[in-house]
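To start, the structure itself, in structure tokens.
Nothing in this text is a laboratory measurement; each read-out follows from the coordinates by a stated rule. These figures come from a predicted structure and were not determined experimentally. Every residue, glycine among them, receives a Cβ derived from its backbone with ideal geometry; neighbour counts consider all protein chains shown.
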């Protein structure tokens, strides 16, 4: 008996076939979701949420194509909702970390001092960092300073490394 036949029997009030239908869906959904969501608890939650929606609505809606397609669409929506939650939670965590980093009042003073040291060490480093910070594109920076793109990337990389070293240790 295929899943759409189980669905038809469940719609006609056969409780045994309804139980078989939902057990079949639960097993299939668990396999399907485990490939997309790595955390097992979250994967189980997604399956449970989808099963709740399906069990409460399958008798009341009119399915145009097939029950299987509709059920998997419900599951897909729950997966997307969970992935969206992960994405937003990750962004929020990063934002909180950035705020925590910015609360140190000493950081601005150290940054300015390091930029001064970098400027005295090599004016070109500080200039490229400044242009990059202000949103100039790579091509624009290369034209302004009259250097190749590869050279600009090398200088930018060295400047960032020196700036990070200065912020960590206090010297260049």
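Global size of segment 1-84: 12.7, 37 Å for Rg and Dmax (C-alpha atoms, Rg to one decimal, Dmax whole). The calculated FRET efficiency for the pair residue 64 and residue 132, based on their C-beta separation and a Förster distance of 41 Å, comes to about 0.15. Between residue 87 and residue 28, the C-beta separation translates, for a Förster distance of 30 Å, into a calculated FRET efficiency of about 0.70. Against the chain, whose longest principal axis is taken from its Cα atoms, helix 40-57 shows a tilt of about 40°. Where a ≥ b ≥ c are the square roots of the eigenvalues of the C-alpha gyration tensor, would you call the chain rounded, which needs a/c under 1.5, or, failing that, prolate if a/b is larger than b/c, or oblate? In terms of gyration-tensor shape, prolate.
With helices as the sole contributors, the chain gives -27000 deg cm²/dmol at 222 nm; each DSSP H run of n ≥ 4 counts as -39500 (n - 2.57), and the sum is divided by every residue.
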